[in-house]
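Visitor: Quick one: the structure is below, and I'll ask about it shortly.
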Amino acid sequence: MCDTHVSPIEAAASAPIPAPGSAVDPVHLQPVDEVTVTTLVDNVYDALLGGDETTNRAPFRVGTARAPQFENGRTTVGLMAEHGFSALVSVRRGTTTSTVLFDAGLSPDAMSTNAERLGVSFTDVMAIVLSHGHFDHAGGLVGLAAKRGKRALPMVVHPEAWTRRRLVLPGADPELLPSLSRTALESEGFAIIERRQPSLLVDGCLLVTGEVDRTTEFERGMPAAHQFRVEGRWHHDPTVIDDQAVVIHVRGRGLVILTGCAHAGAINIVRHAQRLSGVPRLCALIGGLHLSGPAFEPVIGQTTAALEELRPQLLVPGHCTGWRAQHALAAALPDAFVAGSTGSSYRIAAA
């Protein structure tokens, strides 16, 4: 955070929390034989990107649509990209594969439309994990409910995901952000599970971090324009305390970490996952890293340097990472960096 006009209370809220040593509540994260992460929604869709042994790209043509301006009355369609994030996470242990949905994108129809065009079914999804309560990660939940019907589906959220928030930009009227309604979600068949602490899903193979320890000196959170409402008053909300990530331990390879926006800080999240799991090696980091814009670009260098030390084998920074950070990370970690694109799948198998 670069804004210096904050109160002592706000400054304390955004300061790092010392957390030396191993985790007080260590988690035994069962190693898996394979994980596949399929991005259903991201800010970019590039049909010309190539794949490799780890990355599978969506085909250029994923369907057709009526278009009377063409001779045969139809045209080829691709996938929908928007300012949001959603990923399908499938983990395999032995002969058993389990699937969890991580976030749901911005609009009501993008995630479900892309899934349909990719031939992805939500039938086998056993749970949803919501990274945080911001609307660009929860918009597609209504589309998911329409596809599945009102069958009970567990949804893991932080208790503060329902927080009312707004943006107060200089020279502009305050802009209320859409807030999630627990009542509405439950009426659509979602079984809400609120957790501040770490959670284990998929027979202990998938870790939801819960609240992330803030331990770095440079990841200070959101600027003063980002506010939340508490007891009838608006306050600066630097921490977005409901921010959480998903972690999988791939046998012999290390941790695969998915972030929605990484409001807790990408490096804070990685270190928190390492401490909780006791697994020191970072294999992959996939998702939004929130390094875009004047409040966050000053920490691109420190984030990049820390990731260089962590030496991930796969780095797919998407969504809110920003083009400046993308370029910096690609230059610093050329062997690990892979450009994100809606419809891409990343498969990591045990060593």
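The values are calculated or read from the model by the stated rules, or taken from the named source; none is laboratory data. Computed from a predicted model, the values in this text were never measured in an experiment. A quick note on method: Cβ atoms are made from the backbone with ideal geometry, for glycine too, and the neighbour counts reach across all protein chains shown.
Visitor: Among the residues of region 186-209, write down those that are crowded, with 19+ Cβ neighbours inside 10 Å and either assigned to a loop (DSSP other than H, G, I, E, B) or among the aromatic types (Phe, Trp, Tyr) (or both).
Guide: Of everything in region 186-209, those that are crowded, with 19+ Cβ neighbours inside 10 Å and either assigned to a loop (DSSP other than H, G, I, E, B) or among the aromatic types (Phe, Trp, Tyr) (or both) turn out to be Phe190, Pro198, Val202, Cys205, Thr209.
Visitor: Go over the candidates Leu276, Leu258 one by one and state the one that is closer than 16 Å to Val32 by Cβ and in contact (Cβ under 8 Å) with a residue 60 or more places away in the chain.
Guide: Every option except Leu258 fails the conditions.
Visitor: Here's another thing I want to ask about it. Identify, from the list Thr216, Thr239, Thr183, the residue that is under 28 Å from Gln313 (Cα atoms), among the β-branched types (Val, Ile, Thr), modelled with pLDDT of 95 or more and not in a strand (DSSP E or B). Talk me through it step by step, then tell me what you get.
Guide: Numbers: Thr239 fails: under 28 Å from Gln313 (Cα atoms); Thr183 fails: under 28 Å from Gln313 (Cα atoms).
Of Thr216, Thr239, Thr183, the one residue that is under 28 Å from Gln313 (Cα atoms), among the β-branched types (Val, Ile, Thr), modelled with pLDDT of 95 or more and not in a strand (DSSP E or B) is Thr216.
Visitor: Can you tell me which residues in region 318-351 are among the β-branched types (Val, Ile, Thr) and either free of Cβ contacts under 8 Å to residues at least 12 places away in the same chain or over 15 Å from Ile300 (Cα atoms) (or both)?
Guide: Hits for region 318-351 are Val338, Thr342, Ile348.
Visitor: Looking at region 50-93, which of its residues are outside any strand (DSSP E or B) and farther than 25 Å from Phe122 by Cβ?
Guide: Taking region 50-93 first, the residues outside any strand (DSSP E or B) are 50-54, 57-62, 67-73, 78-85.
Within region 50-93, Gly50, Asp52, Glu53, Ala67, Pro68, Gln69, Phe70, Glu71, Asn72, Gly73 meet the criteria.
Visitor: List the pairs whose first member sits in region 48-59 and is among the β-branched types (Val, Ile, Thr), whose second member is in a loop (DSSP other than H, G, I, E, B) and surrounded by 10 or more Cβ atoms within 10 Å (Cβ to Cβ), and whose Cβ atoms are under 7 Å apart, counting only residues at least 6 apart or on separate chains?
Guide: Thr55/Val338; Thr55/Ser344
Visitor: A further question follows. May I ask you to verify whether Ala225 is over 19 Å from the mean Cα position of the chain (by Cα) and either within 28 Å of Tyr346 (Cα to Cα) or not acidic (Asp, Glu) (or both)?
Guide: Criteria met by Ala225.
Visitor: Taking the criterion of being closer than 17 Å to Asp103 by Cβ, acidic (Asp, Glu) and either without any contact (Cβ under 8 Å) to a residue 12 or more places away in the chain or in a loop (DSSP other than H, G, I, E, B) (or both), would at least one residue in region 155-164 satisfy it?
Guide: No: zero hits.
Visitor: Can you name the residue in region 322-336 that is in a helix (DSSP H, G or I) and in contact with a strand residue (DSSP E or B) (Cβ under 9 Å, 6 or more places away or on another chain) and, of all such residues, is surrounded by the fewest Cβ atoms within 10 Å (Cβ to Cβ)?
Guide: It comes out as Ala331.
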